[in-house]
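Everything on this sheet refers to the single structure shown next.
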Amino acid sequence: MENSKPEYKPAVGLALVSLLLCGLFFPLLITGVAQVILPYQANGEIVRLNGHEVGSELIAQGFNSSKLFHSRPANQSASGVDPDITLSEALSQVPRISSATDITSAALNSIVNTNEEGTFLIFGSPYINVLRLNLILINTYRSVYQNFTG
C-alpha cells in the first residue's frame, strides 16, 4: 500500500486566490467605480456650509441649540444615528424654534411641510432629514443665524 500524504497545496492556493479576488481586488474595483460614478454618495454624502463640512445626510447630528431642529433621541432610533424624523416630530419642535428665533410658526410649518420626503410608492413612512432642514433655516434666515456657532 502506498504512503498517501494529504495534498493541501490546491486548497491553500484556491483560498489565497479567493482571498485576493474577493477581499482585495473586488472591493477596490467597486470603490474606484463608485468614486468615479457617484463621488458624493461614495464619500458619505458630506454636507458643506460656507466651505466647512457640517455633517452627513446619512448620520444624525447632535444638534442641541434651541434654534435648530433636533434629531430623534437615541432610545427612539434603532441605531441611534437615524438622521430623519417624522413630520409630527418636526412640527412638535416648531414652537421652541419660533420662540428662540422669532421666526413665525407659520413660516416654520411651511418649511417643514415642503421638505417632507416621500417613500417609494406605499412602502415606508414619510420623513424629514434634520440636517437638511436646519441648513434651510440657516440659509433662509441668515440674519437670525449670522453669528450662529451651533
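The values are calculated or read from the model by the stated rules, or taken from the named source; none is laboratory data. Given the structure is predicted, the values throughout are model-derived calculations rather than measurements. FYI the Cβ positions are ideal-geometry reconstructions off the backbone, even for glycines, and counts take in every protein chain you see.
So, in region 140-150, exactly how many residues are of a type outside the set (A, V, I, L, M), outside any loop (DSSP other than H, G, I, E, B) and modelled with pLDDT under 90? Can you show your working first?
Here is the first cut: in region 140-150, the ones of a type outside the set (A, V, I, L, M) are 140-143, 145-150.
Within this subset, residues satisfying the condition of being outside any loop (DSSP other than H, G, I, E, B) are 140, 142-143, 145.
Next, from what is left, pick out any that are modelled with pLDDT under 90: 142-143, 145.
The total comes to 3.
When you scan region 110-124, do you find a residue that is at pLDDT below 90, under 19 Å from Tyr40 (Cβ atoms), within 19 Å of the chain's Cα centre (by Cα) and surrounded by fewer than 15 Cβ atoms within 10 Å (Cβ to Cβ), even just one? Looking through region 110-124, at least one residue is at pLDDT below 90, under 19 Å from Tyr40 (Cβ atoms), within 19 Å of the chain's Cα centre (by Cα) and surrounded by fewer than 15 Cβ atoms within 10 Å (Cβ to Cβ). Every condition in (1) polar (S, T, N, Q); (2) touching a residue at least 24 places away in the same chain (Cβ under 8 Å); (3) assigned to a loop (DSSP other than H, G, I, E, B); (4) exposed (fewer than 15 other Cβ atoms within 10 Å of the Cβ) is met by Gln61 except one, and the failing one is (4).
How many of the residues making up region 105-126 are of a type outside the set (Gly, Ala, Ser) and either in a helix (DSSP H, G or I) or closer than 21 Å to Pro95 by Cβ (or both)? Reasoning before the result, please.
Step one: filter region 105-126 for residues of a type outside the set (Gly, Ala, Ser), giving 108-109, 111-117, 119-123, 126.
Filter once more, so that each one left must be either in a helix (DSSP H, G or I) or closer than 21 Å to Pro95 by Cβ (or both): 108-109, 111-116.
Selection size over region 105-126: 8.
So, in region 74-104, of the ones that are surrounded by 11 or more Cβ atoms within 10 Å (Cβ to Cβ) and assigned to a loop (DSSP other than H, G, I, E, B), which residue ends up modelled with the lowest pLDDT? Step through it out loud before you land on a result.
Going residue by residue through region 74-104, those that are surrounded by 11 or more Cβ atoms within 10 Å (Cβ to Cβ) are 74, 76-77, 80-87, 89-101, 103-104.
Add one more test, that the residue is assigned to a loop (DSSP other than H, G, I, E, B), and what stays is 77, 80-83, 86, 103-104.
On the way: Ser77: 64, Gly80: 68, Val81: 76, Asp82: 79, Pro83: 85, Thr86: 89, Ile103: 93, Thr104: 94.
Only one residue fits best here, namely Ser77.
For region 27-54, the tally of residues that are loosely packed, with under 11 Cβ neighbours inside 10 Å and either touching a Leu at 6+ places or on another chain (Cβ under 7 Å) or in a strand (DSSP E or B) (or both) stands at 3.
Checked against the criteria, Pro95 counts as in the same structural domain as Phe69 (by TED's automatic domain parsing), within 17 Å of Ser65 (Cβ to Cβ) and not charged (D, E, K, R).
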